[in-house]
Every structure is written in structure tokens, then in C-alpha cells.
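What follows is a set of notes on a single structure, which appears directly below.
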Amino acid sequence: MSYKFFTQPQNSVPQTQPIPGRESEMIPGRSGGWMFNAGIWTMLRRCLLIGTAQNTYYAGKKELTDDFVEVVRQAIAQNPAKVAEEILYASDGRAINNSTPIFALVLLSMGETPEAKKAFQAIFSDVVRTGSHFYEWLSYTKSLRGLGMMVREAGKKWLSREDVKGLAYQLLKYQQRHGFSHRDALRLFHVKPITEEHRQLFEWAVKGWDTLPESIPSPALAQIWWYEWLKRHPEHTHEAIAQGHLTHEMAAPVGKMDVAAWQLLFNEMPIGAMLRNLGSLTEIGVLRADEPANLDRVAAILNDAEHLRKGRIHPIDALKALKTYQSGGKLGRSHKTWHPVTRIVDILEKTVEMSFDVTEPTGKVFLHAVDISGSMGSYIADIGLTCCEVATTMALVTAKAERNYAIRGFSTEFRNLGINRQDSFSSAMKKASNQNFGGTDAAVAYDWMIQNRFKADVVCFWTDSESWAGHKHPSTALATYRKKVNRNIKAVYITLAPYRITLVDPKDPLSWDLGGFDPGMPRLIQMLATGDL
């Protein structure tokens, strides 16, 4: 028996302990590992982009949201204008959905300083864009703070916009949400009509039309007239859809829907609705392998960069649509079933790739280290998408933009996932998810690179950052790699969970922590690789 192991100097510190001399910069993660404190601004962006309304492997949604609320309040106290900028950044198609930016907007309205109130007023209409957004904001507002003068003014302004036609569209499409109706909102905010068209619109919203006007009152109210006409003549659904340009939310509840009716809706269906209804349209028979014209329209919409940008289609939306559609109805909220059309699957694969922002190949060598530990098997969406699947997709789309790369997975070892740029997103997700196991040790990626003398220009970690199982910290392993292989390597940690921790040493100018699920992430990584940022 020998105690030499104890008497000899320790060359490394296990991840379950802070690095000596850096204790004040580090905090324990929920897994028991010690990592650097990400700080409130990094945490704020992560939470806005990822959201906290879903449980993660290590924490429940209530705990995560409590942390988020505290971070937002601290950030508002420091710089409310910057908080507003972050909310806008996330709301502009970068967050998984708009719920978290709306929730943060309510918290911003609760700031005590004039600067906070001014910041809230400045971004309100850019964040609260649709009727659904409006009622979600109203629900959070009534629960958290009540209706003060500033809030009443914001609500009144939203409901009194000059674009009556656009307002009528929102009021017709979203007649009630989150426990509120138009009648409730108009009365809560004491909205007075500013034009005759506003008066007619508000009258319909509050009372409806007992008697249908003989003709359309004004162009702004044309859709509402046709909706009311359809309620009285459901046997003429085709005519109402064609003449009134009704959406499926307007026509389906009151009309007699058949294949021809859905075909008419499909002909004008916007990109978001199309993406959500591909399964239903297939089940109904509008989308079939022997209907190439309809499939061509799907491709023309879903594989067009401008449509994706204007529709604020987030890569997670596209990925969810791909997995849901492939399941034939086994995933998601729909009770319908369908036989997936192969071409639509191919179109959705391309949609996922196009929804990210990439540039031409940089010529740099990339190593993508995808966290495949047990914690990455937790769901981040309610239709069966796991953190690992999203991480794999983001790594693959970044790799597809380059020529020189490797994709491997890490838990307590570093293994080849068999993924390359020829993989579809579906096959890549399957390969990675089949290997979810064990604890998390991000340092094994550096150990492998040292052992194999792998000279990467950039190493990208796609992880929840809960690294705890190793005998040395990832920042220590990175320093060793730089000493032995490539002193100029850049490290990018893409954190895919809304935690306060980071694997980035704040004193390392060549390491970055990025908040996950941002469509611009691949392009940002490319810019970091070339020094353009």
C-alpha cells in the first residue's frame, strides 16, 4: 500500500472543485461541477433565446424561470435600454418563440426608473406584433403587475392603429386567446374609435353583426364581411374563401371544409401556417406525391430564403416540422395520421438548412464536439425534440458550410458519431441520440485532440455546459492543448440550456460563450473563425 498519490503535487483539479485562485469567478452547477459564472448579460440572452418554460434535465421550469426573472430585474436596474435591445434581438425571429421576449417585456414594464418605462414603450409594438402576442402580453401583465397608465396607453395604442385593415385581420384571426376576447380588451383599455372604420370594427368586435350588411362596409372590413357571410352560408365555403381571402383560422370553424376548400386555403397559405399544417394537408389529400403543382408550391415557399426571413421561421420550427411530419402523426398535438410524402421530407430537410445563416466556406479546420451525455436527452419542446437532437442539427449545418471538419460526441469519452455533411438532419439526429449516455466531461475533447495531434483552428462545443465528471477542468485542458498542439486555437461554447454557468474562462480572449438556438449561430462562428468579428 502506498500514499504516494496523496503526497505528490496535483497537476489538475477535478471539475467537482473550483480552480484554486479562481474561486470568486466560479459557481457550482446543478450537476455538482464547478464552472465560471456566465454573468447576467450572457444569462439574459440565453434565457431569451432558449426560454425557461420547459423543464431541463437538472432543473424544473419554475426554478429556471425564477432565475430568469431575477436576472432580468438585475439587468433592468443596470441598463434598461440594453435589456430592451436584447428583447428585440430575441423577438426578431431568433428566439424559439415569442413567449419569452413577451414575458421579459412585461418585466421591463415593471422597472421603477423612467428609463425602463421609456425602453418598454419604445419596443412594445415591435415585440407585440399579432393578436396572439397581444393577449399573451395582457395575460402576463394582469397577473404580474396590473394595468397602470403606461400599460393602458400601450394597449390603447395597439388597438387604435391607423392600419384598420391590418387590425381587422388580427381581430378576426385571433378572436380570443389566453382567456381574453376583443370585447374584454376594448373595455379594459377604454378604446375610442378615431375613424368611422374603427367604429365599425369595434362594434363588430364587441357585439358581432346580428344583421349582415347588404354590401361590404369598407375595404378594411372585407374579410370580416365574408367571414360573417360564411357563417350564414356555410354551403358556399369555396366562394367565401376565394372572394374573402380567408385563412384557415377564419374559415374552418364556420365553413363546410372539404378537399377543395383546403386547396383554396393552401393556394394562399402563408409560410408559418403551411409549415404547421403539412401533416393535415397530407392527411386531407391536398399534398400527394401525384400532385406535383402543390408540392412545387411547398418548395417555392419553404425553400425560399426571403419567405423564411419575412416569416421569421426559426430553425427549431423547421426541425419540429420535419420530425413531426416524418412521424406521420405520432408526434405533436395533432390527432390526425398521414403517410409522409418523400418529397416533402426532402423539402423540409432543405428548409432546416436554409433557416440558418451561413456564408461561404472559411477554409478553417473545425472540430464539433456534441454533448451526448444523459442530460442532453431531455426534451426542449413538446413534440419530442431533445437537446442532443438540436445540438446535432446545429453542428451539422455549421459543418455543411465548411470543407474541413470533424463531428464527434462527448460524455465521459470522445467517440466518433459517424456523422458527416452527406447526412440528412434526420439521420444525424438518430445517430447522435442513439448514443446518449453517461456523465459529462468536456475536457475529453481536448484529450483526444492532444493524443491525435488534431490541429483544429476552431473547436465548437454544443452542450448544456454542465461538465462535472472529469479529473480536470476544460479550460485547463484547453491550455494544455495550446501548449502542445496549436496555441492559436479558438474555442466556442454554444450553451443550449438557460443556466448561469459557462465553460469559458473569462480571461481567455480566444474563447466565447454563445447562447443556443440563434439562427445566425453558424455565421457567427464562421466570423469568429476568420477574425471578422
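Only one residue in 167, 172, 186, 138 is surrounded by 14 or more Cβ atoms within 10 Å (Cβ to Cβ), in contact (Cβ under 8 Å) with a residue 60 or more places away in the chain and part of a helix (DSSP H, G or I). Which one?
One residue alone meets the criteria, 172.
Of all residues in segment 29-77, which are of a type in the set (Lys, Arg), open to solvent by 50 Å² or more (accessible area, probe 1.4 Å) and either without any contact (Cβ under 8 Å) to a residue 12 or more places away in the chain or in a helix (DSSP H, G or I) (or both)?
Scanning segment 29-77 gives 45, 61, 62, 73.
Of 448, 462, which residue is surrounded by fewer than 22 Cβ atoms within 10 Å (Cβ to Cβ), in contact with a strand residue (DSSP E or B) (Cβ under 6 Å, 6 or more places away or on another chain) and closer than 23 Å to residue 525 by Cβ?
From the options 448, 462, the qualifying one is 448.
Restricting attention to segment 351-373, report how many residues are open to solvent by less than 30 Å² (accessible area, probe 1.4 Å) and not polar (S, T, N, Q).
Of the residues in that region, 9 qualify.
Is it the case that residue 83 is surrounded by 21 or more Cβ atoms within 10 Å (Cβ to Cβ) and out of contact with any Phe, Trp or Tyr (no Cβ under 8 Å at 6 or more places or on another chain)?
Against the criterion (surrounded by 21 or more Cβ atoms within 10 Å (Cβ to Cβ) and out of contact with any Phe, Trp or Tyr (no Cβ under 8 Å at 6 or more places or on another chain)), residue 83 qualifies.
Anything in segment 494-523 that is of a type in the set (Val, Ile, Thr) and touching a Cys at 6+ places or on another chain (Cβ under 9 Å)? List them, or say none.
494
Residue-by-condition table, conditions (1) open to solvent by less than 20 Å² (accessible area, probe 1.4 Å); (2) out of contact with any strand residue (DSSP E or B) (no Cβ under 9 Å at 6 or more places or on another chain); (3) of a type outside the set (S, T, N, Q):
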site	(1), (2), (3)
483	no, yes, yes
490	no, no, yes
504	yes, no, yes
508	no, no, yes
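Please pick out the residue among 316, 347 that is closer than 24 Å to residue 396 by Cα, within 19 Å of the chain's Cα centre (by Cα) and β-branched (Val, Ile, Thr).
Answer to the selection: 316.
Go through segment 388-404 and report how many residues are open to solvent by 10 Å² or more (accessible area, probe 1.4 Å) and part of a helix (DSSP H, G or I).
Selection size over segment 388-404: 2.
Condition check: closer than 25 Å to residue 420 by Cα, in contact with a Gly (Cβ under 8 Å, 6 or more places away or on another chain) and either among the small types (Gly, Ala, Ser) or modelled with pLDDT under 90 (or both). Does residue 363 satisfy that?
No; evaluated as a whole, the condition is false for this residue.
Looking at 404, 420, 416, can you tell me which residue is in contact (Cβ under 8 Å) with a residue 12 or more places away in the chain and out of contact with any helix residue (DSSP H, G or I) (no Cβ under 9 Å at 6 or more places or on another chain)?
404
Can you name every residue in segment 257-272 that is surrounded by fewer than 17 Cβ atoms within 10 Å (Cβ to Cβ) and assigned to a helix (DSSP H, G or I)?
Selection gives 259, 260, 267, 272.
Among the residues of segment 454-469, is there at least one that is in a strand (DSSP E or B) and among the small types (Gly, Ala, Ser)?
No, segment 454-469 contains no residue that is in a strand (DSSP E or B) and among the small types (Gly, Ala, Ser).
Could you tell me how many of the residues in segment 480-533 are farther than 25 Å from residue 361 by Cα, of a type outside the set (Asp, Glu) and not in a helix (DSSP H, G or I)?
Count: 10.
For segment 109-131, check the following and say yes or no: at least one residue is closer than 30 Å to residue 220 by Cα, open to solvent by 40 Å² or more (accessible area, probe 1.4 Å), at pLDDT below 95 and not in a helix (DSSP H, G or I).
Looking through segment 109-131, none of the residues is closer than 30 Å to residue 220 by Cα, open to solvent by 40 Å² or more (accessible area, probe 1.4 Å), at pLDDT below 95 and not in a helix (DSSP H, G or I).
Table: residues versus (1) open to solvent by less than 40 Å² (accessible area, probe 1.4 Å); (2) of a type outside the set (Val, Ile, Thr); (3) part of a helix (DSSP H, G or I).
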{"position": "192", "(1), (2), (3)": "no, yes, no"}
{"position": "211", "(1), (2), (3)": "no, no, no"}
{"position": "216", "(1), (2), (3)": "no, no, no"}
{"position": "240", "(1), (2), (3)": "yes, yes, yes"}
{"position": "255", "(1), (2), (3)": "yes, yes, no"}
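Quick one: how many residues across segment 141-164 are assigned to a helix (DSSP H, G or I) and surrounded by 13 or more Cβ atoms within 10 Å (Cβ to Cβ)?
Counting residues in segment 141-164 that are assigned to a helix (DSSP H, G or I) and surrounded by 13 or more Cβ atoms within 10 Å (Cβ to Cβ) gives 14.
What single numbered condition from (1) touching a residue at least 60 places away in the same chain (Cβ under 8 Å); (2) assigned to a helix (DSSP H, G or I) fails to hold for residue 93?
(2)
Among all residue pairs at least 6 apart or on different chains, which show Cβ distances below 8 Å where the first residue, located in segment 351-364, is more than 10 Å from residue 519 (Cβ to Cβ) and the second is assigned to a loop (DSSP other than H, G, I, E, B) and β-branched (Val, Ile, Thr)?
351/313
How many residues does segment 296-326 contain that are surrounded by fewer than 18 Cβ atoms within 10 Å (Cβ to Cβ) and among the hydrophobic types (A, V, I, L, M, F, W, C)?
Residues that pass the stated criteria total 3.
In segment 471-481, which residues are free of Cβ contacts under 8 Å to residues at least 40 places away in the same chain, open to solvent by 20 Å² or more (accessible area, probe 1.4 Å) and either hydroxyl-bearing (Ser, Thr, Tyr) or under 26 Å from residue 70 (Cβ atoms) (or both)?
Result: 480, single match.
Looking for whichever is touching a residue at least 60 places away in the same chain (Cβ under 8 Å) and of a type in the set (Val, Ile, Thr) here; the options are 450, 501, 489. Which one fits?
Of 450, 501, 489, the one residue that is touching a residue at least 60 places away in the same chain (Cβ under 8 Å) and of a type in the set (Val, Ile, Thr) is 501.
How about segment 285-312: which of its residues are over 26 Å from residue 261 (Cα atoms) and in a loop (DSSP other than H, G, I, E, B)?
Scanning segment 285-312 gives a single hit, 312.
Does any residue in segment 236-258 that is free of Cβ contacts under 8 Å to residues at least 24 places away in the same chain and farther than 18 Å from residue 166 by Cα come within less than 7 Å, Cβ to Cβ, of a residue that is open to solvent by 10 Å² or more (accessible area, probe 1.4 Å) and among the small types (Gly, Ala, Ser) six or more places away or on a different chain, and which pairs are these?
Note: pairs meeting the criteria are 240/255.
The values are calculated or read from the model by the stated rules, or taken from the named source; none is laboratory data. Just so it is clear, the model here is predicted, and its values are computed rather than measured. Here Cβ is always computed from backbone atoms with ideal geometry, including for glycine, and neighbour counts include all displayed protein chains. Protein only, heavy atoms only, side chains kept; ligands, DNA and RNA dropped before computing areas. Shrake-Rupley method; radii C 1.70, N 1.55, O 1.52, S 1.80 Å.
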